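Below: the structure, in structure tokens.
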Amino acid sequence: EAGVAQSPRYKIIEKRQSVAFWCNPISGHATLYWYQQILGQGPKLLIQFQNNGVVDDSQLPKDRFSAERLKGVDSTLKIQPAKLEDSAVYLCASSGARSAGELFFGEGSRLTVL
Amino acid sequence: GENVEQHPSTLSVQEGDSAVIKCTYSDSASNYFPWYKQELGKRPQLIIDIRSNVGEKKDQRIAVTLNKTAKHFSLHITETQPEDSAVYFCAAWTGGGADGLTFGKGTHLIIQP
């Protein structure tokens with residue numbers, strides 16, 4: 001089966017610019033997650049969707065980050081305006097009903113903010 | 001919320017020796033504990049997991065143990081090989097509505113030839 005797809009793989013922007021990342025989860029997976037992984041650290045959950053509804057966005061910096069999953073399938077994460085500390089890899093993951101808790105990750109989108 | 005501590009941050013072992021990475025968690029409701037391996041520039045890949053109804057699970061050279069009373073779990077890799085070099089993350093999952101995994105900070109495992 002196809003894995004989690006993400007794009008773009010790499011993005012370099014100036015601070016205060018905006019950027020958007022796209023994710024397409026594994027077919028049939030109702031739950032979608034966005035994680036932020038700063039160099040040398042473990043992934044940190046930003047937001048979790050169940051179908052097209054937000055389950056947890058408690059760690060999402062809502063003044064600059066937004067995410068949507070309008071049709072319950074693919075999702076977009078946006079940052080506007082970007083700060084230097086947003087430089088990280090943004091990982092999308094999905095999970096299905098068959099194995100609770102088991103996440104399948106995409107390759108990630110590496111953001112560099114200059 | 002859940003908090004996961006992982007030690008050591010770096011572990012260097014001779015090829016063929018064993019490696020042990022330890023994690024503790026804070027939320028007694030957590031019931032699923034996966035381990036991910038991440039090679040440089042790649043996605044985290046699940047290598048082994050354990051649920052709270054068992055104390056140990058083994059898959060070839062890799063094993064995970066869980067002590068629910070003490071709230072800690074460990075990854076054991078025997079007969080280490082150069083391809084085991086990577087960053088390893090432990091994680092804990094509580095389930096319920098908001099059920100994203102909480103990750104440790106990672107252990108950089110270096111296999112010395």
### Query
When you scan segment A:1-40 for strands (runs of 3 or more DSSP E) that lie fully inside it, which ones turn up with 1 or more residues that are away from every other protein chain (no Cβ under 14 Å), under 16 Å from A:G96 (Cβ atoms) and within 11 Å of the chain's Cα centre (by Cα)?
A:19-24
### Query
Does B:Q14 qualify as being in contact (Cβ under 8 Å) with a residue 60 or more places away in the chain, exposed (fewer than 13 other Cβ atoms within 10 Å of the Cβ) and in contact with a strand residue (DSSP E or B) (Cβ under 9 Å, 6 or more places away or on another chain)?
yes
### Message
I'd like the full set of residues that are buried (at least 17 other Cβ atoms within 10 Å of the Cβ) and assigned to a loop (DSSP other than H, G, I, E, B), limited to segment A:75-103.
### Response
A:A82, A:S87, A:G101, A:L103
### Message
Looking at the structure I just gave you, is A:G72 modelled with pLDDT under 95, surrounded by 20 or more Cβ atoms within 10 Å (Cβ to Cβ) and not in a strand (DSSP E or B)?
### Response
no
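Identify, please: which residue in segment B:17-45 is outside any strand (DSSP E or B) and within 16 Å of the chain's Cα centre (by Cα) and is, among those, surrounded by the most Cβ atoms within 10 Å (Cβ to Cβ)?
B:P44
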### Task
Of the numbered conditions (1) surrounded by 15 or more Cβ atoms within 10 Å (Cβ to Cβ); (2) touching a Phe, Trp or Tyr at 6+ places or on another chain (Cβ under 8 Å), A:F65 fails exactly one; give the number of that condition.
(2)
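The values are calculated or read from the model by the stated rules, or taken from the named source; none is laboratory data. Note that the coordinates shown come from a computational prediction; the quantities given were computed from them, not determined experimentally. Methodologically, a virtual Cβ is constructed for each residue, glycine included, from the backbone with ideal geometry; neighbour enumeration extends over all protein chains shown.
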